[in-house]
Each structure stands twice: as C-alpha cells, then as structure tokens.
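The values are calculated or read from the model by the stated rules, or taken from the named source; none is laboratory data. Computed from a predicted model, the values in this text were never measured in an experiment. Note: ideal-geometry Cβ built from the backbone for every residue, glycine included; neighbour counts use all protein chains shown.
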Amino acid sequence: MSETRLTRRTEDKIIAGVCSGLATYLDIDTVWVRLSFVILLFASGIGLPIYVILWIVMPAADNDARSEAEVIQKNIGEMGETVYSSVNRLGRASTVGVLLVLLGAYFLLNQLGWLNWIGGAVFWPLVIIGFGVYLLIKRSR
C-alpha cells in the first residue's frame, strides 16, 4: 500500500476520483478498479451504492486538515454540484430524454428478470428522493 490514507484523487478522475484513489491505495492499475465497479454494477447492482458511499466518505487528496463531518458535508455538496452541472450541460429536453431512456431500460431489464434485487418497493422511493434532491439543489441556485 503506497499511501497511509485512503483519499479520492482529483487529478485522475472520471466522476469523483473514487476508483483512482482506491487504485493508488491498493497500488494497482485504475482500470482494474473501474472494471470491478462496472462488474459489480451489472452483476448484483451493488457497485453504484458502494461508489456513492465511498464518494461521500472518502476525502479528496487536498482535504487533509478537515474533520470527518466537514469532509462528508463537502462531498455531498460536490456530488450535488456534479449532478446539477451535468443536468445543466444536457439541457431540459435532453435531461427528460435521458430519464425516459433510463426508465425504459429499467422496465426492460425488470421484464427480463435481471433486476429482481430492486423491486418497485425500492426503485420508486429512490426515484422520488432523487427528484426531490434535484429540485432542492436547483432551488438553492
């Protein structure tokens, strides 16, 4: 292990630097960590929640002097800004199109039996929570 502390690397990031930070900490190639998250996402669906949790709790490499509560608060704010900027970059029509594609993919995969782990009892509350978070972020801007 090359580092003594697990941190997100902001210079080699695709989304938040979680995979890059894990790869540096484990002293392996970043591609293997990213591939592992993709496999976990498609195999059991656990890859996305693990990534989001690590994004929230892992401090960025430049946040050495912050407390854990400050790191978590900053990371949640950064997550909201990332989602907000992505939505703004796409535009309203494209955002609705992406949401419809994702919703259609969910229904297709559910019909094929590939999403038995995430039934309607979990999926729709997550959609509603996500939409609420989006509206709160948009209102605060």
So which of Leu22, Leu35, Leu40 ends up being loosely packed, with under 15 Cβ neighbours inside 10 Å and assigned to a helix (DSSP H, G or I)?
Leu35
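So which residues in the stretch 9-40 are charged (D, E, K, R) and under 13 Å from the mean Cα position of the chain (by Cα)?
Across the stretch 9-40, the qualifying residues are Lys13, Arg34.
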Can you find a residue that is under 30 Å from Pro59 (Cβ atoms), at pLDDT below 70 and assigned to a helix (DSSP H, G or I) anywhere in the stretch 113-123?
yes
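What residue, among those in the stretch 43-58 that are within 15 Å of Leu6 (Cβ to Cβ) and touching a residue at least 24 places away in the same chain (Cβ under 8 Å), is surrounded by the most Cβ atoms within 10 Å (Cβ to Cβ)? Show your work before the answer.
Taking the stretch 43-58 and keeping what is within 15 Å of Leu6 (Cβ to Cβ), we get 50-51, 53-58.
From the residues that got through so far, the ones that are touching a residue at least 24 places away in the same chain (Cβ under 8 Å) too are 51, 54-55, 58.
On the way: Tyr51: 19, Leu54: 19, Trp55: 19, Met58: 23.
The qualifying residue surrounded by the most Cβ atoms within 10 Å (Cβ to Cβ) is Met58.
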Give the residues of the stretch 59-69 that are in a helix (DSSP H, G or I) and either surrounded by 14 or more Cβ atoms within 10 Å (Cβ to Cβ) or β-branched (Val, Ile, Thr) (or both), sorted by residue number.
none
